[in-house]
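Visitor: First the structure, then my questions, so here it is.
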Amino acid sequence: MNPIHLIMHRRFFIAVAAAFALVACNAGPNAPTRADPELDALFMQLAQAEDQQQASPIEQAIWARWADSGSPTVNILLERANAAETAGDAELAERFLDQASDLAPDYAETWNRRASLYYLDRRLSGRDRRDPGSVEA
């Protein structure tokens, strides 16, 4: 498996673990209801998947669901950022992410993608990661 797939799988499992932790924190009679039964069904299917081959299309469906910002414009900008990143043009990808975050500042995926882009672009390499002042914005 190539490094990009490993990172994507790691991100997915961290996101799933975080989602379960958040749900557990809100468990109880006054807990807010989740408004996406389709996403709930996908997670149930993922939990019942017997192997990676069976889990992979379910994982892709979950990512697709999460990737939908609710704005066609933001979705297109994210697709273009992904294409630019895949083509090795981190600078162009960052510009698309800038536009997307300007249009939807509360949509977490634009910020997540930016962090991943910075990490993969090795902008953090050679800097002391414990010192926030040493990281370029």
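Read the figures in this text as sums done on the coordinates, not as results from a lab. Small disclaimer: the values here were computed from a predicted structure and weren't measured. Reconstructed Cβ throughout: ideal geometry from the backbone, glycine too, with neighbour counts over all protein chains shown.
Visitor: Tell me the relative contact order for the range 70-123 as a rounded percent, counting alpha carbon contacts under 8 Å between residues six or more apart.
Guide: Here the relative contact order equals 32 percent.
Visitor: Separate question: Using the Karplus curve 6.51 cos²θ - 1.76 cosθ + 1.60 with θ = phi - 60°, work out ³J(HN,Hα) for each residue of the range 36-41 in order, rounded to whole Hz, and write x for Gly and Pro.
Guide: 10, x, 5, 5, 4, 5
Visitor: Would you mind calculating the gained length between A49 and W111 on full extension (0.36 nm times residue separation, minus the Cα-Cα distance), in nm to one decimal? Each step should come with its number before you reach the end.
Guide: Working: separation 62, 0.36 × 62 = 22.32 nm, distance 3.00 nm.
The A49-W111 span can extend by a further 19.3 nm.
Visitor: How far is it, in nm, from the label point at D98 to the one at D68 when both lie 7 Å from their Cα along the line to the Cβ?
Guide: Going from the D98 label point to the D68 one covers 3.1 nm.
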